[in-house]
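Asker: I am attaching a structure below and will ask some questions about it afterwards.
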Amino acid sequence: MPNIKLSQPNSLDEALGLLAKEGDQIKIIAGGTALVIMLKNRLISPSALLSLGRLDDLRYVRHEAGTGLRIGGLVTIRDAENSPVVRDKHPALALTFGKVGNVRVRNAATVGGNLSEADYASDPPCLLVALRARARARSARGEREIPLTELFKGFYETTLASDEILTELIVPDLALGSRSAYIKYVSRSSEDRPCVGMAAVLTLAPGGTCTDLRLVAGAVSDIPQEFADAGAMARGKHLTDSLITEIAESFASVVDPLSDLRGSAWYRKQIIRVMARRAMQQASADR
Ligand SMILES: Cc1cc2nc3c(=O)[nH]c(=O)nc-3n(C[C@H](O)[C@H](O)[C@H](O)COP(=O)(O)OP(=O)(O)OC[C@H]3O[C@@H](n4cnc5c(N)ncnc54)[C@H](O)[C@@H]3O)c2cc1C
């Protein structure tokens, strides 16, 4: 690797100042699990790196009434997976973090890095889109919140500006009667990235009828794909096996999946059908 200058600011303000000054010439590094591979493969060649490693203020997990779960951008995926707060408030999300790669990766990889990398074959973004999570970004210009439905722009591309740091992930509480599930299908090895990921978030009225349903597929396109008709198909009805099958079939029929080493477009369509059904069944059974 060529010689690259490394800056290790001790505060967020110092980091934001450096980003504002250096512009596109400096690249953020958090856990480094994705970035170092990009550097080694010469996919990027920044003249300087800005390490977030000393920004301990971005390592926290807490819950706030009215806001929901707040996870600092530098929290490792392993710490998020094991956090009692995440497990209590969003057990499906804790399980999803636990499906990322392997323990060595999760010990270094950060939540902010996973979202900012925007690899299409990632696990957390799929469920987080279904949960209507938001990212908080800071720059020297100010702070803003970005719904995850708007964060992912394309392959490895987000709507974050080059001078912005993703400082926080906010996951709102589930509505009363809601439950969620994320399932992952791997086609090559147990520790691989997903061939297809599927998230279901559904809300049931006390009588058992469905009042809301969100279905999101991951790793099938450049960004997570939400089935727009899911809610309308389920609302006011009991989620019977036949309705679940009908919704899953409809989702598979409208998705236009990509082909890659993990599976062809045709293969992914068959998997989406099965995964959509299983994700809805898992979420309905989760009481
Ligand atoms: C062997 C292996 C297996 C993997 N398997 C999976 C898997 O199964 N599922 C899955 O979802 N992921 C998987 N991953 C991806 C992994 O989750 C990401 O590499 C990781 O989350 C990135 O986080 P990081 O902190 O290491 O980011 P880095 O590598 O440090 O950075 C990644 C990118 O994000 C930018 N960045 C980092 N933090 C911020 C921030 N706070 N604000 C703005 N920009 C930022 C960097 O500039 C860079 O462009 C795997 C990775 C490896 C190496």
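Asker: For the chain, what number of Lys pairs, 8 or more residues apart or on separate chains, have alpha-carbon atoms under 20 Å from each other?
Answerer: The number of close lysine pairs in the chain is 8.
Asker: In square angstrom, what is the accessible area per residue of the chain with a 1.4 angstrom probe?
Answerer: With the other protein chains kept in place, the chain gives 46 Å² per residue.
Asker: When the chain is modelled as a GNM with alpha-carbon springs shorter than 10 Å, which of Ile71, Ile146, Ile183 fluctuates the most?
Answerer: Comparing Ile71, Ile146, Ile183 in a Gaussian network model of the chain, the most mobile one is Ile146.
Asker: Does segment 122-259 come out rounded, prolate or oblate, given a ≥ b ≥ c as the square roots of the eigenvalues of its C-alpha gyration tensor, rounded meaning a/c under 1.5 and, failing that, prolate meaning a/b above b/c?
Answerer: oblate
Asker: Ranked from highest to lowest mean number of other Cβ atoms within 10 Å per residue, what is the order of the peptides 121-128, 156-163?
Answerer: The peptides rank, most packed first, as 121-128, 156-163.
Asker: Among Asp119, Asp56, Asp260, whose mean-square fluctuation peaks in a Gaussian network model of the chain (Cα, cutoff 10 Å)?
Answerer: Asp260
Asker: Report, in deg cm²/dmol and to the nearest 500, the calculated mean residue ellipticity at 222 nm for the chain, where each DSSP H run with n ≥ 4 adds -39500 (n - 2.57) and the sum is divided by the residue count.
Answerer: -9500 deg cm²/dmol
Asker: Determine the equivalent ellipsoid of segment 188-287 by diagonalising the alpha-carbon gyration tensor, then write out the semi-axes as square roots of 5 times the eigenvalues, largest first, rounded to whole Å.
Answerer: Square roots of five times the eigenvalues give 25, 13, 11 Å.
Asker: Follow-up. Taking R0 as 25 Å, what's the FRET efficiency between Arg132 and Asp229 from their Cβ-Cβ distance, rounded to 0.05?
Answerer: 0.90
Asker: Here's something else I'd like to know. Pairing the Cα long axis of helix 265-285 with the longest principal axis of the chain, what angle in degrees results, from 0 to 90 and rounded to the nearest 10?
Answerer: Computed tilt is about 70 degrees.
Asker: Using a 1.4 Å probe on the protein chains only, how many percent of the accessible area of segment 104-202 belongs to carbon and sulfur?
Answerer: The C+S portion of the solvent-accessible surface of segment 104-202 is 47 percent.
Asker: Roughly how tilted is helix 241-254, in degrees to the nearest 10 and between 0 and 90, from the longest Cα axis of the chain?
Answerer: Taking the Cα atoms of the chain, the angle to 241-254 is about 50 degrees.
Asker: What Kirkwood hydrodynamic radius do you get for the chain when you take the inverse of the mean 1/r over all pairs of distinct Cα atoms, in Å?
Answerer: When all Cα pairs of the chain are included, the Kirkwood radius is 19.5 Å.
Asker: Taking the Cα centre of the chain as origin, sum charge times position over the Cβ atoms of Lys and Arg (+1) and Asp and Glu (-1), and report the length of that vector in debye to the nearest 20.
Answerer: Computed charge dipole of the chain: roughly 560 debye.
Asker: Please list 221-227, 278-284, 35-41 highest first by mean number of surrounding beta-carbon atoms within 10 Å per residue.
Answerer: The most tightly packed comes first, giving 278-284, 221-227, 35-41.
Asker: I'd like the distance separating the alpha-carbon centroids of segment 250-287 and segment 107-175, in whole Å.
Answerer: 23
Asker: Follow-up. In whole percent, what relative contact order does segment 131-287 give with Cα contacts below 8 Å and a gap of six or more residues?
Answerer: Worked out over segment 131-287, it gives 20 percent.
Asker: Quick one: among Val103, Val111, Val61, which has the greatest mean-square fluctuation in a GNM of the chain with alpha-carbon springs under 10 angstrom?
Answerer: Most flexible of the set in this elastic network: Val103.
Asker: Among 6-16, 187-197, 130-140, how do they line up from the highest to the lowest mean number of other beta-carbon atoms within 10 Å?
Answerer: 130-140, 187-197, 6-16
Asker: Next up: Along the charge dipole of the chain, Cβ charges K/R +1 and D/E -1, which of Ala199, Ala65, Ala230 sits furthest on the positive end?
Answerer: Checking the options against the dipole of the chain, the answer is Ala199.
Asker: Once the mean 1/r over all distinct Cα pairs of segment 228-287 is inverted, what Kirkwood radius in angstroms do you read off?
Answerer: After inverting the mean inverse Cα-Cα distance, the result is 12.2 Å.
Asker: For an R0 of 51 angstrom, estimate the FRET efficiency from the Cβ-Cβ distance between Asp57 and Ser242 and round to the nearest 0.05.
Answerer: For R0 = 51 Å, the calculated efficiency reads 0.50.
Asker: Using only Cα atoms, tell me the angle between helix 12-22 and the longest principal axis of the chain; keep it within 0 to 90° and round to the nearest 10.
Answerer: 70
Asker: Convert 10 °C to kelvin, take the viscosity as 1.306 mPa s, use the Kirkwood radius over C-alpha pairs of segment 1-135 as Rh, and evaluate the Stokes-Einstein diffusion coefficient in µm²/s, rounded to a whole number.
Answerer: My calculation gives 101 µm²/s for D.
Asker: Given a Förster distance of 51 angstrom, what is the FRET efficiency for Asp192 paired with Ala65, based on the Cβ-Cβ distance and rounded to 0.05?
Answerer: About 0.85, to the nearest 0.05.
The values are calculated or read from the model by the stated rules, or taken from the named source; none is laboratory data. Because the structure is a prediction, the values reported are computed rather than measured. We place every Cβ from the backbone using ideal geometry, glycine too, and count neighbours over all the protein chains shown. Keep in mind that these areas ignore ligands, DNA and RNA; they rest on the heavy atoms of the full protein, side chains included. Shrake-Rupley method; radii C 1.70, N 1.55, O 1.52, S 1.80 Å.
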